[in-house]
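Structure first, commentary second.
The values are calculated or read from the model by the stated rules, or taken from the named source; none is laboratory data. Everything quoted here is computed from the prediction, not taken from an experiment. Note: ideal-geometry Cβ built from the backbone for every residue, glycine included; neighbour counts use all protein chains shown. Just so you know, the surface numbers come from the protein's heavy atoms only, side chains and all, with ligands and any DNA or RNA stripped out. Shrake-Rupley method; radii C 1.70, N 1.55, O 1.52, S 1.80 Å.
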Amino acid sequence: MTTETVTAFNQLALKNTLLNVLDEIGYESPSPIQAETIPLLLDGRDIIGQAQTGTGKTAAFALPLLSNLDLKQKDPQVLVLAPTRELAIQVAEAFQKYASQIKGFHVLPVYGGQDYSGQIRALKRGVHVVVGTPGRVMDHMRKGTLKLDNLKALVLDEADEMLRMGFIDDVEWVLEQTPSDRQIALFSATMPSQIRRIATKYLNNPEQVTIKVKTTTADTIRQRFWPVSGVHKLDALTRILEAEEFDAMIIFVRTKTATVELTEKLEARGYSTAAINGDIQQNQRERTIQNLKNKKIDILIATDVAARGLDVPRISHVVNYDIPYDTEAYVHRIGRTGRAGKKGDAILFVAPREKGMLKAIERATKKPIEIMDLPSTELINDNRVARFKQRITDTLANENLEFFDNLIEQYEQEHNVPAKEIASALAKLLQGDTPFLLQNKPARKSKENWERDDRPSRNKRDGSRRRERSPRSESAKPEEGMQRFRIEVGHNHKVKPGNIVGAIANEAGIDSQYIGRINISDDYSLVDLPADIPQEIFNDLKKVRVAGQPLKISVLGKTEQNKKSRDKKPRHKSKDKKSGSKKYKDSDTQPKSKARNKSKAKDNNRKKKFGDDQPRKKLTL
Ligand code: AMP
């Protein structure tokens, strides 16, 4: 079977328990990367998948590996290496979701900044799949708490990100320690030479999976995108529906469930809407399309599959409510408008983490997509008032109002109330409790600002742009609340600021926004970190490796030796204790509730900064 013929999940040899879940969560058909990858991985082949976030790559490896799982084997048989803790958690959650009908299945995310004991307990109990960041996975392997002797499959997710964050030596180390006959799936959005080298060295006759792209969009289609932020997508959509002049519209979502949910929501808001998805019988689908043609409905909510080949000339607008998996799907989708030389409008909702896909679409279609502001509150309100007035005019012109004329006249006389007040009361009755006018105002941004500001959190972790611009002088003092640390890795080890930020953020769980200036010298670097960094995190940091080197972090100007001797002096101890109690415990000098609130606020701040919920000891410097 060629991948072109794979249009449904049940054409793939996945276990029924998985097919049932996919149906339940509303996945209708495999995305292109899934259609190509799943059969290969089911067959035990190694693959190189060139795919980025949003293409459905997680399911592309999770589903076949789950299908091939041996539930009886209690030590890890699948290991996924991911560049960040967020991705590790996300991937582990995806495995859990897809395996929800596989009884006794266990997946464990392992990442830095999290207590070891919980992870070790879970590993001892037995897990089938481990998803982790390279540093923490290595630590567990060294400790002997993670044994990969029976590993069957290894996934390198976002390999180019791991390279960029300086983890590639760690990845290679892990690869070396795993059985030589394990299956490998390597996913990477780009293919730098180092990733190619790893692929050549460790993968066994891999199949390369790249998705073909159709790239032509009609010039008559005006393409815009709305950067999802501040306002909920549904509210944004209703603003667009109120302000855009459209004849008929098709709105694309990813799942069957979403077609139904969104239809219900728009119908509740008074739009004549219908859903089409792969579950809907052919004759029902045809009736719906006929209704769209006959103007009985104006809005169609569809999945990609259901809208294939749809040709209704009155479709003036295509809204990509959920971003498509690939550029080809985008081109197909927007091709539902602007047919036969007519004008059309395409609007794409893009969340910050989907920026990569927006860029890919622009590159593939060789057309820039302009940013759009949501229609302003004033415009929406003006429209609402105009429409309301028009409804009155139309009713006066077209309806027989004799009965109501008499009724209102009666009321006027009985209650001695002017007709204007009666009309207002009726308008309120008509409107119900929903406010007539909109209140909140959507934020406005230029494309450049959005691209700069809303960088996906994962990219923010890199922080290289900010830090490379920092002054390189060692003498400038750290900012208030920050402390300068020395780490034993420098230019000689080919380290980049992004690698340092990545490792510290990821492996020690310090949020990247709290990582300050970085100064790289030949064989060491200086980095500014929060002065109140907890002792455990400091200990974790000493073990973190960057560019293959242990950081061996120390406070600048203090060697381990004099740090220890300082700690022994009672004068310092009591001082530390005092400041420690002021910083992290309720202060005796404050009223209790105030102190508690303050310490709660600090606690939240610390959770944000150090990325977990563990109570921490303060670092004694
Ligand atoms: P990923 O590229 O793995 O980050 O996936 C992007 C999103 O697409 C996730 O929210 C998935 O739940 C969703 N997704 C993946 N495969 C499918 C599918 N075949 N149908 C609908 N949604 C999917």
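Some values worked out for this structure:
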{"read-out": "Residue under evaluation D170, criteria (1) open to solvent by 10 Å² or more (accessible area, probe 1.4 Å); (2) more than 24 Å from the chain's Cα centre (by Cα), criterion not met", "value": "(1)"}
{"read-out": "Residue list for region 103-137, filter: in a helix (DSSP H, G or I), surrounded by fewer than 24 Cβ atoms within 10 Å (Cβ to Cβ) and not small (G, A, S)", "value": "Y116, Q119, I120, R121, L123, K124, R125"}
{"read-out": "Check on G132, out of contact with any Ser or Thr (no Cβ under 9 Å at 6 or more places or on another chain), modelled with pLDDT of 95 or more and away from the ligand (no atom under 16 Å from the Cβ)", "value": "yes"}
{"read-out": "Criterion (modelled with pLDDT of 90 or more, more than 16 Å from the ligand (Cβ to nearest atom), open to solvent by 40 Å² or more (accessible area, probe 1.4 Å) and part of a helix (DSSP H, G or I)) met by exactly one of E242, E267, E286", "value": "E267"}
{"read-out": "Flag for R254 being of a type in the set (K, R) and more than 16 Å from the ligand (Cβ to nearest atom)", "value": "no"}
{"read-out": "Residue tally, condition hydroxyl-bearing (S, T, Y) and more than 16 Å from the ligand (Cβ to nearest atom), over region 319-347", "value": "1"}
{"read-out": "Filter result for I48 (at pLDDT 95 or above, under 15 Å from A153 (Cβ atoms), among the hydrophobic types (A, V, I, L, M, F, W, C) and within 13 Å of the ligand (Cβ to nearest atom))", "value": "no"}
{"read-out": "Residue within region 96-112 that is within 16 Å of the ligand (Cβ to nearest atom) and free of Cβ contacts under 8 Å to residues at least 12 places away in the same chain present", "value": "yes"}
{"read-out": "Test: R363 is open to solvent by 60 Å² or more (accessible area, probe 1.4 Å), more than 16 Å from the ligand (Cβ to nearest atom) and within 30 Å of T84 (Cα to Cα)", "value": "yes"}
{"read-out": "Odd one out for R224 among (1) charged (D, E, K, R); (2) within 24 Å of E451 (Cβ to Cβ); (3) open to solvent by 40 Å² or more (accessible area, probe 1.4 Å)", "value": "(3)"}
{"read-out": "Residue that is polar (S, T, N, Q), assigned to a loop (DSSP other than H, G, I, E, B) and closer than 14 Å to I48 by Cβ, where the choices are T190, T200, T145", "value": "T190"}
{"read-out": "Enumeration of residues in region 272-283 that are more than 13 Å from T259 (Cβ to Cβ) and outside any loop (DSSP other than H, G, I, E, B)", "value": "Q282, N283"}
{"read-out": "Which listed residue, of R452, R387, is free of Cβ contacts under 8 Å to residues at least 24 places away in the same chain and under 30 Å from E507 (Cβ atoms)", "value": "R452"}
{"read-out": "Residues that are assigned to a helix (DSSP H, G or I) and either open to solvent by 30 Å² or more (accessible area, probe 1.4 Å) or within 11 Å of the ligand (Cβ to nearest atom) (or both), drawn from region 4-24", "value": "E4, T5, F9, N10, Q11, N16, T17, L19, N20, L22, D23, E24"}
{"read-out": "In region 25-45, the residues that are more than 11 Å from the ligand (Cβ to nearest atom) and in a helix (DSSP H, G or I)", "value": "E36, T37, P39, L40, L41, L42"}
{"read-out": "All positions within region 293-318 that are buried (at least 22 other Cβ atoms within 10 Å of the Cβ), closer than 16 Å to V260 by Cα and more than 16 Å from the ligand (Cβ to nearest atom)", "value": "I299, L300"}
{"read-out": "Lone qualifier among L69, L81 - being modelled with pLDDT of 95 or more, more than 13 Å from the ligand (Cβ to nearest atom) and open to solvent by less than 10 Å² (accessible area, probe 1.4 Å)", "value": "L81"}
{"read-out": "Among residues of region 389-411, those that are touching a helix residue (DSSP H, G or I) at 6+ places or on another chain (Cβ under 8 Å) and either β-branched (V, I, T) or open to solvent by less than 80 Å² (accessible area, probe 1.4 Å) (or both), counted", "value": "2"}
{"read-out": "Subset of region 297-321 [assigned to a loop (DSSP other than H, G, I, E, B) and at pLDDT 95 or above]", "value": "I297, D298, Y321"}
